[in-house]
Each structure stands twice: as C-alpha cells, then as structure tokens.
Amino acid sequence: MDLFIPTYFPDILHFAALVRSKNVIFEVCDNYQKQTQRNRTYIAHAQGVLPLIVPIKHKTTGRRLKSHEVESEHAFGWATNHWKSIQTAYRTAPFFEFYEDELADLFSSESITLQAHNLQIIERLMQLIGADLNYTRTASYQNNFSGNDWRYFGDKKHNRNVNFPHYIQVFESYNGFIPNCSVLDVLFNLGPQTLDYLQDLSLPSNKH
C-alpha cells in the first residue's frame with residue numbers, strides 16, 4: 001500500500017512513485033497546508049523554472065480547512081493563464097501537439113474544488129502515460145500508516161538528492177537541464193517513452 005497526497009500536475013518524482021504503486025491510497029482527510037504542491041506545479045520555461053499557482057478562495061470559518069473543502073479563486077482567470085503558460089513553454093516540444101487536445105479541458109474552468117481537480121488531473125495523466133491507476137481514498141486521516149508513506153511529496157521541497165537522468169528540454173540551451181519539473185515536462189518531451197523514464201528513476205526513501 002502506498003499513501004499519497006493529490007497534488008496539482010505532480011512533479012516527476014511524485015509520478016514515478018505513483019506509476020510503480022500497485023495499491024494507491026490518496027489521503028483526502030488532511031488539513032489544507034499553504035505553499036505546498038497541493039495548489040502549485042513548476043514547468044521549465046524560457047526564463048527558467050516557472051511556478052503555476054492555483055489561487056485559493058479564503059473562507060472565514062474560524063477553523064482549519066480540510067483539503068477537500070478548498071476551492072480555487074475564480075476571479076483571477078488562473079486556468080486560462082496556466083494553459084497559456086504551458087502552451088508558450090512547450091509548443092515546440094516534440095509531443096506537445098500529440099497531447100494538447102487531451103489536456104485542454106483541464107483548464108476550462110476556474111471554479112473548482114482543488115482536491116477533486118487534482119485527482120482528475122492525475123487520472124488523465126496516468127491514461128496518457130499508459131499506466132494503470134487503481135486507487136482508494138482514506139476515510140480518516142492516517143496518523144500511523146503501515147505502508148509506504150509518500151505524503152511528503154505534497155511538500156514544497158523533496159528532491160532528496162535524487163539523480164534525474166537527462167532528457168532534452170525545450171529551453172535547455174538557455175537554462176541548462178532543469179530536473180523534477182511537473183511530469184508534463186517529460187510527457188511533452190519524451191511522449192511514449194515517459195513511462196519508461198518514470199519506471200527507471202530511482203526513488204528516495206519514503207520515510208520523513
């Protein structure tokens with residue numbers, strides 16, 4: 001059993017663990033934490049690493065929100081901006097046109113529940129990569145999980161000194177190789193070879 005946090009267009013390391021798991025469990029009962037991968041991802045852009053951040057609708061409830069309660073703030077048009085940024089970054093990537101139409105609808109609305117959207121994103125990416133995804137959701141927060149606990153992938157920084165094998169990126173001649181971006185980076189640059197790349201990546205310890 002492998003326990004994960006649903007994140008926004010997960011990074012390469014996160015997805016490498018996902019595709020290798022035979023029994024994925026998503027933690028859906030956690031408290032929402034700011035400035036984590038729950039509402040952000042990073043792409044390789046002409047200017048280097050570009051964060052794509054989903055703005056969150058703030059509620060004055062007097063208590064901490066659960067992740068499944070958090071909604072995006074639709075006033076900023078973030079989904080349209082994210083898709084434009086992705087198009088700008090990857091329109092010349094070898095496989096962008098191949099996957100473009102399969103991803104565009106994920107940016108069709110800014111009025112969404114963040115966690116449900118993240119799960120939809122992960123399901124779609126797994127389909128495009130060609131990996132099976134059979135998952136369940138937690139019924140309560142897991143304080144002492146007995147399986148592989150990968151929830152730290154939901155944190156902001158977790159590279160853990162992993163060696164990311166090189167592949168050619170669109171703006172590599174300007175920025176050098178940028179490791180562990182969103183898995184979109186591998187998908188658009190490697191296409192059908194994405195699954196092989198993820199399966200060959202060495203995973204860090206799942207301990208905090």
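For this structure, a couple of remarks:
- Gyration tensor verdict on the range 2-200 (Cα atoms; rounded if a/c is under 1.5, prolate if a/b is larger than b/c, oblate otherwise): oblate
- Listed by Cβ neighbour count within 10 Å, with the fewest neighbours leading, S205, S109, S85, S72 appear as S205, S109, S85, S72.
- Electrostatic dipole magnitude of the range 57-124 [Cβ: Lys, Arg +1; Asp, Glu -1; Cα centre; debye, to 20]: 520
- Positive minus negative residues near S182 (Lys, Arg vs Asp, Glu; Cβ under 11 Å): -1
- Sparsely packed trypsin sites (Lys or Arg not before Pro) within the range 104-200, loop by DSSP, other Cβ within 10 Å at most 13: K156, K157, R160
- Computed magnitude of the charge dipole of the chain (debye, nearest 20; Cβ of K, R +1, Cβ of D, E -1): 900
- Amide H contacts under 5 Å for Y42, placed H, 5+ residues apart: L52, S182
- Spatially near lysine pairs across the chain, Cα under 14 Å, sequence gap of 8 or more or different chains: 6
- Selected from C29, L106, L133, residue furthest toward positive end of dipole (the range 2-200; charges at beta carbon): C29
- A full extension of the chain between D105 and Y174 corresponds to an added length of 21.8 nm, given 0.36 nm per residue minus the alpha carbon distance.
- Annotation: the residues I178, I43, I86, sorted from fewest to most other C-beta atoms within 10 Å of their own C-beta, follow the order I178, I43, I86.
- Net charge contributed by nearby residues that have their C-beta within less than 14 Å of F107 (K/R +1, D/E -1): -3
- Residue order, fewest to most surrounding Cβ atoms within 10 angstrom, among Y174, Y8: Y174, Y8
- Under 5 Å, built H, 5+ apart or other chain: amide partners of R137: F26
- Placed amide H near I56: partners under 5 Å, 5+ positions off or other chain: E73
- Rounded FRET efficiency, nearest 0.05, which uses the C-beta distance separating A75 from R124 and R0 of 30 Å: 0.70
- Under 14 Å, Cβ to Cβ, from N143 - net charge with Lys/Arg +1 and Asp/Glu -1: -2
Values in this text are rule-based calculations from the coordinates and carry no lab data. Since the structure is predicted, the reported quantities are computational estimates derived from the model, not experimental observations. Here the Cβ is made from the backbone with ideal geometry for all residues, glycine too, and neighbour counts use every protein chain on show.
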